[in-house]
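The values are calculated or read from the model by the stated rules, or taken from the named source; none is laboratory data. As the structure is a prediction and not an experimental result, all values here were calculated from the model. We place every Cβ from the backbone using ideal geometry, glycine too, and count neighbours over all the protein chains shown.
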């Protein structure tokens, strides 16, 4: 899927100022607001696209990530070289969390490839204009949305988990689906702040998921990548090495397997192990695991080893 050009969506150049971005958003949001557009379906799609672009470009950190890597997804840059290259915090049940009110910069509403699947463009419109629609004046249509950031382990993202937690005296069952990505979000309708009057429904609760990085695996989509040292003798003659793989049935979210190294393996050779990556979110199947061979050359050799290598050099 082609990446969206957020500057083009707002009709801006890449050197646009923050004020240029805000003014462009205001103009387009008014033009394509579903309340005033004739073609409602087309306007809703455009309205959401405009809000997504503004949510990225109006935040300095997200804008920097987008300008550098072409995406605002946390961790997507992978060191810039592709796959191989006002808040509170505390403990919430088995999870650590940070909390920010709606509209603060502490939240992280990004999922794979942009905003999370539960992204509500009206929330952003309300933040900028102070109201949600053009039909009801400046009245807020529901209470404020509460946003929490939950930090889970890599194993939780592989296996998924379910936990009952309490927020503002309300108990809710949080189900983390297998395959969740860093930046995905879960929305719970009606669990936010109460509305300003009895006729206004409460807002929503949004949980932004942050997945702790694994010490070895690097995730890119549903595929995982790692670098494995291979002895130069095994690279030349062939052999087997033990490598970690993602394993949803394991309590740690991983296990090990043997990788066959063919004779004559060159430095930076990449091996693909099908179906040993992350589970697909809300779908069957799994991504793949990619292993890059790092050929290890010994720094010190015995007299006998040097003699053997010199003989090898003489023959070849």
Legend entry - Criterion: surrounded by 15 or more Cβ atoms within 10 Å (Cβ to Cβ), in contact with a strand residue (DSSP E or B) (Cβ under 7 Å, 6 or more places away or on another chain) and part of a helix (DSSP H, G or I) - qualifying residue of 156, 182: 156
Inset, instruction - Those residues that are assigned to a loop (DSSP other than H, G, I, E, B) and under 26 Å from residue 219 (Cβ atoms), I need them from the range 142-153; list them, please. - result: 153
Inset, instruction - Using the structure shown, decide if residue 241 is over 31 Å from the mean Cα position of the chain (by Cα), over 30 Å from residue 191 (Cβ atoms) and outside any loop (DSSP other than H, G, I, E, B). - result: no
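Every residue, every condition in (1) farther than 29 Å from residue 161 by Cβ; (2) at pLDDT 95 or above; (3) assigned to a loop (DSSP other than H, G, I, E, B); (4) under 27 Å from the mean Cα position of the chain (by Cα), yes or no:
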| residue | (1), (2), (3), (4) |
| --- | --- |
| 216 | no, no, yes, yes |
| 219 | no, no, no, yes |
| 276 | no, yes, yes, yes |
| 284 | no, no, yes, yes |
| 290 | no, yes, no, yes |
| 299 | yes, no, yes, no |
| 307 | yes, no, no, no |
Inset, instruction - Consider only pairs whose beta carbons are under 7 Å apart and that are at least six residues apart or on different chains; among these, list those whose first residue lies in the range 196-208 and is closer than 12 Å to residue 167 by Cβ and not assigned by TED's automatic domain parsing to the domain that holds residue 170 and whose second residue is modelled with pLDDT of 85 or more and outside any strand (DSSP E or B). - result: none
Inset, instruction - Determine which single condition residue 35 fails, assuming it passes every other condition in (1) within 16 Å of residue 128 (Cβ to Cβ); (2) assigned to a helix (DSSP H, G or I). - result: (2)
Legend entry - residue 196, sole failed condition from (1) surrounded by fewer than 19 Cβ atoms within 10 Å (Cβ to Cβ); (2) within 14 Å of the chain's Cα centre (by Cα); (3) part of a loop (DSSP other than H, G, I, E, B): (2)
Legend entry - Residues located in the range 249-274, provided they are surrounded by 16 or more Cβ atoms within 10 Å (Cβ to Cβ) and either touching a helix residue (DSSP H, G or I) at 6+ places or on another chain (Cβ under 9 Å) or part of a loop (DSSP other than H, G, I, E, B) (or both): 253, 254, 261, 265, 269
Inset, instruction - Give the range 159-169 a look and list any residue that's touching a strand residue (DSSP E or B) at 6+ places or on another chain (Cβ under 8 Å) and under 19 Å from residue 255 (Cα atoms), or say none. - result: 160, 161
Inset, instruction - State whether one or more residues within the range 201-209 are under 30 Å from residue 268 (Cα atoms), modelled with pLDDT of 85 or more and under 23 Å from the mean Cα position of the chain (by Cα). - result: no
Inset, instruction - Among residues belonging to the range 275-316 that are surrounded by 10 or more Cβ atoms within 10 Å (Cβ to Cβ) and in contact with a helix residue (DSSP H, G or I) (Cβ under 9 Å, 6 or more places away or on another chain), point out the one that is farthest from residue 225 (Cα to Cα). - result: 301
